[in-house]
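Notes to accompany the following structure.
The values are calculated or read from the model by the stated rules, or taken from the named source; none is laboratory data. Since this is a predicted model, take the numbers as computed values, not measurements. Neighbour counts are summed over all protein chains in view; Cβ atoms, including those assigned to glycine, are modelled from backbone coordinates with ideal geometry. Heads up: the accessible areas ignore ligands, DNA and RNA and are worked out on the full protein's heavy atoms, side chains in. Shrake-Rupley method; radii C 1.70, N 1.55, O 1.52, S 1.80 Å.
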Amino acid sequence: MTTLVVYKEGREESRFPLKARLVNIGRSSQCDLILSDPAVSTLHANILARREGHQLVDLDSTNGTFLNGKRTDKSGLKNGDVIGIGKYQIKYEETETFEKTGVTRVAKQSQVVARAVPEEARRIIEAQAASREREKYDKKMASLEAENTRLIRRTAQGLSGKFLGQGPAMQRLFTQAEKAAASDLPILITGETGTGKSVFARHIHSLSLRRDAEFIVIDCAAIPPALLESELFGHEKGAFTGAIAQKQGRIELAHKGTLFLDEIGDMPPALQSKLLRVLQEKCFERVGGTKTIQVDVRLIAATHRDLKAAIVAKSFREDLYYRICGVQLLLPPLRDRTDDILFLARHFLDETVAENSLSAMDFTAEARNALLHHRWEGNVRELKNVVQSAAVLGSGETISRDDLGLSSPGDLASLTGFTLEAARGEMEKKLILHHLNASDWNYSKAAKALDIDRGRLARYMEKYGIEGKKRKEGARDDEA
């Protein structure tokens, strides 16, 4: 019998019998062993039963998986090993190996005939029983290894397969996404261009009950209107010039899975009514066809447009809006995610270094300051491009502000696009955040550095949407 003894910050929290051949560990409610800690990824790691024993596999987690204090991607487990994930320590206690259990099972099966048959026959029967057990085990292992490979492939996709963020606003959004994913309601993701709407949609799909089915994407803004209908609904042979064969549309391909319509605000009005029918009646006909096709899809849509304004302008159907907006999730622009800028920049830098076999790099203090104070009109996409370019074209072990091509916070270029009032607000917000971070979010110290009282600081924080961090245990009133 093998047991995982789960400790959190040194105190035993639970015991998990390791009975299944594959145990998924993470923050998601879909995992077998759930660890409630923001530092734990949604699907963080798993433990796989192999012929030679259990194996620990990190599923490209954000903060890593540790075995006996050392970071690991894949390691065999032995009795007494300690797995570190976030604030959790998980002790691997083994009292009986799988092989021993298998032998015991075979031995019990052979006890019935042991006294009735000659020794040689008994050995043959026992060997045959062991062979059947081994064959069943090998088939199960092949299935588990295929599942493990699929999980690793799905989760080891860098930013293309997961959405990153560590600030309070993003943690709140992750919680909302997990709850929305557990339902089958349509989801509308809104936000500026470059905020990662398509990545977030894939993240939601990976948390949903449809995660093992297809995730089909169609960009409504990238496909000419004349071709979009065929791409969505498919067509029959001879439906139009050039239709030399029957073609399944994206909706049909997404059956039992998720259909992601990116930039749905750009969909032509003529197609909006057809999409509405699919959502209401769960059926459609291919272009040029008469056969009605039943379909079961979960819709996730995204747009950077103001759909309510589009409804007023008669360019978007109001009934379709309410049909696709079962749950609405807003992705904040990067300039409002100050806590995430350096975190994301570090991720993109490490990713670029690894993918291009470059020497380890780091940002200079001046570069980090420039990253924090840049406007980021292109959001996460712009940040990624800036960091990738600086890493590839840089000539040393550090990346400077000049390598990034960003103006210093004092340059007027950094305020391009601001009105006087907006520029004043932007600088006030950044100054407040600077002093809060410098004082480790001690409000009294930050207020003193800003030469204002705590009440006024609280009003400024509310005005600029600055989330207060949790107080440390035992902190006095003047420390939070």
Worksheet item: Where a ≥ b ≥ c are the square roots of the eigenvalues of the C-alpha gyration tensor, would you call the stretch 1-94 rounded, which needs a/c under 1.5, or, failing that, prolate if a/b is larger than b/c, or oblate?
Response: rounded
Fill in: Which of R454, R375 is most accessible, then next, and so on - probe 1.4 Å
R454, R375
Discussion item. If packing is taken as the average count of other Cβ atoms within 10 Å, what order do 457-467, 198-208 fall into, highest mean first?
Written reply: 198-208, 457-467
Fill in: ³J(HN,Hα) computed for each position of the stretch 268-273 - Karplus, 6.51 cos²θ - 1.76 cosθ + 1.60, integer Hz, glycine/proline x
x, x, 5, 7, 4, 5
Item to complete: Kindly rank 349-359, 35-45 from highest to lowest mean number of other beta carbons found within 10 Å of each residue.
Response: 35-45, 349-359
Discussion item. Apply the Karplus curve 6.51 cos²θ - 1.76 cosθ + 1.60, θ = phi - 60°, to the phi angles in the stretch 322-335 and return the couplings in whole Hz, x for Gly and Pro.
Written reply: 6, 6, 8, 9, x, 9, 10, 10, 9, 8, x, x, 4, 5
